[in-house]
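Chemist: Dropping the structure in here first, questions after.
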Amino acid sequence: MKRILLTGQRFGRLLVLQEIERYISRELYCIGLCRCGNVKRFRKQHLMNGQTTSCGCKKAEIRQIVKKLVFDNRRLELKHFGVQKELYKQDQSR
């Protein structure tokens, strides 16, 4: 079976720098540079099937966005019930 070289290719936010093989488990890994600057090791199979597209920074960004949306929605809902002043007082105390 012909081996596919991924060095230099981009998968989502990752740029593959080097391919390595672990002789104990016979698994193929890639060293990748993420757009955020992190360098990590990833399984080659996960890169090729699209399961891995970042070092984890994308998940953290999505988590922050969702948290902000939930908080903003909560603020809007409370505003309709006239509780806006109390919410802002709680926010300032944090």
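Read-outs throughout are calculated quantities, based only on the coordinates presented, and are distinct from any laboratory measurement. Computed from a predicted model, the values in this text were never measured in an experiment.
Chemist: Considering Cα pairs under 8 angstrom that are at least six residues apart, work out the relative contact order of region 1-55 and quote it in whole percent.
Modeler: Normalised by residue count, the contact order of region 1-55 is 28 percent.
Chemist: Each residue of region 10-26 in turn: what ³J(HN,Hα) in whole Hz from Karplus with 6.51, -1.76, 1.60 and θ = phi - 60°, glycine and Pro shown as x?
Modeler: Listing the rounded values in order: 10, 10, x, 8, 9, 10, 6, 9, 7, 10, 9, 10, 8, 6, 5, 9, 6 Hz.
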